[in-house]
Structures are given as structure tokens and as C-alpha cells.
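As C-alpha cells, the structure follows; a few thoughts come after it.
The values are calculated or read from the model by the stated rules, or taken from the named source; none is laboratory data. Small disclaimer: the values here were computed from a predicted structure and weren't measured. Neighbour counts run over all protein chains shown; Cβ positions are idealised from the backbone, glycine included.
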Amino acid sequence: MAHDPASLSDLTALLGSSPKAATAVAIPSADSLVHALAARYRLDLAHTYCGDSTLVTLNPNEAKADVSEASKAEYEDRAYRRRTSAGGDDVHPHPYDLACRVYYTLRRTAESQSIVYSCVPSPPRSSPRSSRSQFLN
């Protein structure tokens, strides 16, 4: 089953029903996951959700135009409008969107939240992680 990479914002959309049983779920192969992520990356969409709370980012140290104060404000505004049912549009997956989700979950549940970073080690330098952490402070 082919998916449009630009509209594939969540990898769980690759899960399909097995034709053998109505309750079985067909797990996508590693090749199909890599293909989907690579296709999105070629469209300059480096972020993809995997479920509601996991954000997969390819090459997080690459400088992107969507990591700016204006972009942060746009994600805050859309997340707020979505939360208040004021017509906030769905946005492409992005660390700012994840930070908004975490913040609003904290406010709604009054329970501590955390973001866990897991990545391949790279040389120390300023990274997008620091900007997302500053966003939450």
C-alpha cells in the first residue's frame, strides 16, 4: 500500500489489516519504514510521529528554516487553537508541536511530563534539543 509521503505524518498509518484475519494487524517491514522516512526527508519533512507521543527526527543537527522564533510562535498558536477547539489546523510533525503536546498534557493532568532524547552520538555543538528544552522552560 503506497502512502503519500507529504501527508504521512504518523508511521502508524502504515499499519494495515491483514487479509487473513479481521483482527490481525500487518506490521510494516523495516524497508517500508525506511522508505517512508526517506521519502519524507527528501521533501524536507524530517519529523514524523510514531503514535501520539514518539517523534522520529532524521538528521536533527541539520539547520532547518522551521526552527525559529516565528515557527515556535506559529506552533504555539496552532496548538492552543486546536486545544480550545477554535479551529487550529493540523500541523506537520515537529519538535515544537511535541513540546506543545507535553505542555498541555502537563496542564491538563497536573502530572509531571518528560521528553527523552535518544540519538546517535554526534560532536558537541548547539543542537535543536536545546531550543526545544528552552521552549519548555
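Here are some notes:
- Applying the condition of being assigned to a loop (DSSP other than H, G, I, E, B) and closer than 28 Å to Ser7 by Cα to the range 98-125 and asking which residue is modelled with the lowest pLDDT yields Val120.
- Set Pro128, Pro95: member being in contact with a Pro (Cβ under 7 Å, 6 or more places away or on another chain), modelled with pLDDT under 75, of a type outside the set (Ser, Thr, Tyr) and surrounded by 10 or more Cβ atoms within 10 Å (Cβ to Cβ): Pro128
- Scan of the range 29-65 for residues that are of a type in the set (Ser, Thr, Tyr) and assigned to a loop (DSSP other than H, G, I, E, B), ordered by number: Ser29, Ser53, Thr54
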